Amino acid sequence: MSFIDDDRTQKKTAHEIGTDLSMLSVDELKARVELLKSEIARLEAEVARKASGRQAAESFFRS
């Protein structure tokens, strides 16, 4: 018995860095730009969260 479910569909990536963009419409390109902007915001928020936690730890150990 296999624990791997081969019937699961692979989630299609909305955008892959470096792919050919020539066949996409303006609307598709704009949608990808918005997707990437939201992903950048998510990444920046995580960086800020982790930096804040690190600063708190460093302050605690300096005391």
Practice task
Please list, ordered by first then second residue, the pairs with beta carbon atoms under 8 Å, 6 or more apart or interchain, first in region 21-46 and free of Cβ contacts under 8 Å to residues at least 40 places away in the same chain, second small (Gly, Ala, Ser).
Solution key: Arg32/Ala14; Leu35/Ala14
Problem - Conditions (1) within 11 Å of the chain's Cα centre (by Cα); (2) modelled with pLDDT under 75; number of the one not met by Asp7 - result: (1)
Completion exercise
Taking region 16-63 and keeping residues open to solvent by 100 Å² or more (accessible area, probe 1.4 Å) and more than 19 Å from the chain's Cα centre (by Cα) leaves Asp20, Met23, Asp27, Arg54, Gln55, Phe60, Phe61, Arg62, Ser63
Completion exercise
Of the residues in region 24-42, those that are in a helix (DSSP H, G or I), closer than 15 Å to Ala14 by Cβ and among the hydrophobic types (A, V, I, L, M, F, W, C) number 6
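The values are calculated or read from the model by the stated rules, or taken from the named source; none is laboratory data. In this text the structure is predicted, and so the values were computed from the model without any measurement. For neighbour counting, all protein chains shown are included, and Cβ atoms are generated from backbone atoms with ideal geometry for every residue, glycine included. Ligands, DNA and RNA are stripped out before the accessible areas are found, and what is left, the full protein with its side chains, is counted by its heavy atoms. Shrake-Rupley method; radii C 1.70, N 1.55, O 1.52, S 1.80 Å.
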